[in-house]
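Peer 1: First the structure, which I've put down as structure tokens, then a few questions once you've had a look.
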Amino acid sequence: MSRALRFLALLCGIGLVAWLVSRADIAALLGIFRRIGWGFAAILALRGAAVCSDTAAWACLLPPQQRPPFTALLPLRWVGESINTTLPAAQIGGEVVRARLLQQRVCGSAYSAGTVAIDFCLSLLVQIIFTSIGFLLLVRLSAAASLWPTLVCTLLIPLFAVASWELLVRQRLLAAATGWAKRLGQHRVTGALRSVGEALRLVAASRQRLALSLAWHSVSWLVHIGELWLTLWLMGAAIGVAEAAMLESLSLAARSAAFLIPSGWGAQEAALIGLAGLTGLAPETALALGLVKRAREFAVGLPGLVAWALLERRRPGPSA
């Protein structure tokens with residue numbers, strides 16, 4: 001996707017959010033924001049807990065002899081999330097940057113790319129599981145909802161798991177790409193692909209580490225749900241845990257589906273407003289929830305971009 005198209009998609013998403021705000025009761029929106037007050041610090045604390053949990057999931061994939069301290073991995077994960085949520089780039093741009101930063105500080109580029117690729121796939125697998133649960137809760141809350149989305153997501157769980165295993169661990173796609181590069185005489189590319197393949201095998205060698213990483217990603221999702229519930233409670237619109245799980249999982253699914261729009265602008269807010277009626281929330285409350293989530297992203301992401309700039313200025317060579 002070209003930069004011009006990404007910028008156009010971003011403008012359309014921001015325009016949709018602006019249109020939603022213009023149709024809302026501004027006084028009601030401001031009143032909701034005032035109720036949060038210093039509670040916004042608690043929201044930021046939960047976001048920090050989610051980043052820590054995701055960092056722990058990533059750390060599990062590194063063998064003990066090559067695993068840097070948690071305090072060294074945490075800034076890299078924070079920077080990656082900051083890039084994905086605040087910059088008008090593809091939603092995997094942060095993964096590329098944290099793989100490069102890890103390579104500069106810890107290990108070879110192939111191994112760094114391997115850990116990030118598997119970590120990304122495990123996080124997507126957990127998201128699919130929670131999306132399936134979200135659709136199931138939607139069916140429970142709405143008599144008009146269909147079971148088909150739940151069945152499709154449930155079917156995607158084993159399909160995605162098998163596809164990830166075949167492509168990343170058994171490396172069917174990588175083997176094909178290596179073969180084509182060899183036929184074309186691209187020896188440097190062939191060597192790089194073989195290095196990536198070896199790194200992926202090393203990362204996936206321990207199923208125990210994979211299971212631990214999956215568990216930590218699941219904890220991160222539970223923290224996401226807790227953050228949404230706390231935000232609504234601070235707004236004076238407390239809902240049940242099931243409703244919070246449904247709103248969080250399906251709004252993030254909508255955001256991921258709109259991956260062509262940087263940071264999913266508009267998609268997340270529209271999904272929250274569309275689902276609000278099932279939980280008894282007013283449209284202004286749902287819109288305010290979406291705006292608070294955006295404010296939280298910038299409150300966490302902008303310092304993360306500053307941290308990225310500082311990390312880029314200090315470029316230690318990879319350690320042995």
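Peer 1: Checking the conditions here, which among Leu287, Leu247 is more than 23 Å from Val116 (Cα to Cα), at pLDDT 90 or above, assigned to a helix (DSSP H, G or I) and in contact with a Leu (Cβ under 9 Å, 6 or more places away or on another chain)?
Peer 2: Details: Leu287 fails: at pLDDT 90 or above.
After ruling out the rest, the residue left standing is Leu247.
Peer 1: Let me confirm something: among Leu8, Leu73, Leu29, which residue is modelled with pLDDT of 85 or more and farther than 20 Å from Leu302 by Cβ? Can you show your working first?
Peer 2: Working: Leu8 fails: modelled with pLDDT of 85 or more; Leu29 fails: modelled with pLDDT of 85 or more.
It is Leu73.
Peer 1: Any residue at all in the range 254-267 that's touching a Phe, Trp or Tyr at 6+ places or on another chain (Cβ under 7 Å) and either more than 22 Å from Ile83 (Cβ to Cβ) or part of a helix (DSSP H, G or I) (or both)?
Peer 2: No, the range 254-267 has no match at all.
Peer 1: Across the range 203-213, what is the number of residues that are surrounded by fewer than 17 Cβ atoms within 10 Å (Cβ to Cβ) and within 15 Å of the chain's Cα centre (by Cα)?
Peer 2: Total meeting the criteria: 0.
Peer 1: Would you please list the contacts, defined by Cβ atoms under 9 Å and residues six or more apart or on different chains, that run from a residue in the range 38-60 that is without any contact (Cβ under 8 Å) to a residue 24 or more places away in the chain to a residue that is loosely packed, with under 15 Cβ neighbours inside 10 Å and in a helix (DSSP H, G or I)?
Peer 2: Cys52/Phe70; Thr55/Phe70; Ala59/Phe70
Peer 1: Assuming Thr231 fulfils every condition listed in (1) surrounded by fewer than 22 Cβ atoms within 10 Å (Cβ to Cβ); (2) touching a residue at least 60 places away in the same chain (Cβ under 8 Å); (3) of a type in the set (Val, Ile, Thr) apart from one, which condition is it?
Peer 2: With respect to (1) surrounded by fewer than 22 Cβ atoms within 10 Å (Cβ to Cβ); (2) touching a residue at least 60 places away in the same chain (Cβ under 8 Å); (3) of a type in the set (Val, Ile, Thr), Thr231 is out only on (1).
Peer 1: Which one of these does Leu302 not meet: (1) surrounded by fewer than 15 Cβ atoms within 10 Å (Cβ to Cβ); (2) part of a helix (DSSP H, G or I); (3) free of Cβ contacts under 8 Å to residues at least 24 places away in the same chain?
Peer 2: (3)
Peer 1: List the residue pairs whose Cβ atoms are under 9 Å apart, where the first residue sits in the range 1-21 and is farther than 16 Å from Thr86 by Cβ, the second is at pLDDT 75 or above and exposed (fewer than 13 other Cβ atoms within 10 Å of the Cβ), and the two are 6 or more positions apart or on different chains.
Peer 2: none
Peer 1: Can you say whether Glu312 is farther than 20 Å from Ser220 by Cβ and assigned to a helix (DSSP H, G or I), as far as the supplied structure shows?
Peer 2: Spelling it out, Glu312 is indeed farther than 20 Å from Ser220 by Cβ and assigned to a helix (DSSP H, G or I).
Peer 1: I would also like to ask the following. Which ones in the range 223-239 are in contact with a Ser or Thr (Cβ under 8 Å, 6 or more places away or on another chain) and either closer than 16 Å to Ala28 by Cα or not in a helix (DSSP H, G or I) (or both)?
Peer 2: Those that are in contact with a Ser or Thr (Cβ under 8 Å, 6 or more places away or on another chain) and either closer than 16 Å to Ala28 by Cα or not in a helix (DSSP H, G or I) (or both): Leu232, Met235, Ala237, Ile239.
Residues are listed down the side, and each one gets a yes or a no for (1) crowded, with 22+ Cβ neighbours inside 10 Å; (2) at positive phi; (3) without any contact (Cβ under 8 Å) to a residue 60 or more places away in the chain; (4) out of contact with any strand residue (DSSP E or B) (no Cβ under 6 Å at 6 or more places or on another chain):
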residue	(1), (2), (3), (4)
Ala242	no, no, no, yes
Ser251	yes, no, yes, yes
Ala254	no, no, yes, yes
Ala258	no, no, no, yes
Ala271	yes, no, yes, yes
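Peer 1: How do the pairs read when you match residues in the range 273-298 that are surrounded by fewer than 17 Cβ atoms within 10 Å (Cβ to Cβ) with residues anywhere that are among the small types (Gly, Ala, Ser) and not in a helix (DSSP H, G or I), using Cβ under 8 Å and keeping only pairs 6 or more apart or on different chains?
Peer 2: So the pair list comes out as Ala282/Ala237.
The values are calculated or read from the model by the stated rules, or taken from the named source; none is laboratory data. In this text, all values refer to a predicted model and were calculated from it rather than measured experimentally. Counting neighbours? That spans all protein chains shown, and the Cβs are built from the backbone with ideal geometry, glycine included.
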